[in-house]
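Below: the structure, in structure tokens.
The values are calculated or read from the model by the stated rules, or taken from the named source; none is laboratory data. The model shown is predicted, which means the values in this text are computed figures rather than measured ones. Neighbour counts are summed over all protein chains in view; Cβ atoms, including those assigned to glycine, are modelled from backbone coordinates with ideal geometry.
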């Protein structure tokens, strides 16, 4: 179950091209929120073509290309479905302040994923890291808990020691009401 949840979060590791650079903190946060929600909505609908259209190119290449990664994601969700697991909802919290480290702009976006599992629901809190290397013209998103820290620092070495990734508790299981 933990492995399937991690794979789900990996599918949410995305890159999004924004059409214009927001100029204020509030505009950047609103843009980031809309993009993260778009990824979450596509995941809930099992629209993995859309999710992968926004996935960071390095991750796609490491998985053997788009077709290979799409196959892996589809198979993983089929396994989840066969085990009675389905994504019910994906919601985000307010994105954190957009900050700058060297030439990277970033924001941490809290999120909650609720899944139907045999006997109840499972609610997991985590976060998505929004990163822009061009002052907000293009954003990409990584779930830092799905990627181990060594991997995250390999992608963004300038963030090592400067970025604090929030920690979250264990997923919460709520049993179905007995009839």
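Couple of notes before you dig in:
- Test for residue 73: is it modelled with pLDDT of 95 or more and either farther than 16 Å from residue 138 by Cα or in contact with a strand residue (DSSP E or B) (Cβ under 8 Å, 6 or more places away or on another chain) (or both): no
- Strands (runs of 3 or more DSSP E) completely within the range 113-179 that count 3 or more residues being loosely packed, with under 15 Cβ neighbours inside 10 Å: 172-175
- Enumeration of residues in the range 95-112 that are touching a residue at least 24 places away in the same chain (Cβ under 8 Å), part of a strand (DSSP E or B) and within 18 Å of the chain's Cα centre (by Cα): 105, 106, 107, 108, 109, 110, 111
- Checking 168, 106, 90 one by one, the residue that is modelled with pLDDT of 85 or more and touching a helix residue (DSSP H, G or I) at 6+ places or on another chain (Cβ under 6 Å) is 90 and no other.
- Pairs where the first residue, in the range 150-179, is in contact (Cβ under 8 Å) with a residue 24 or more places away in the chain and at negative phi and the second is surrounded by 13 or more Cβ atoms within 10 Å (Cβ to Cβ) and not in a strand (DSSP E or B), C-beta under 6 Å, 6+ apart: 165/144
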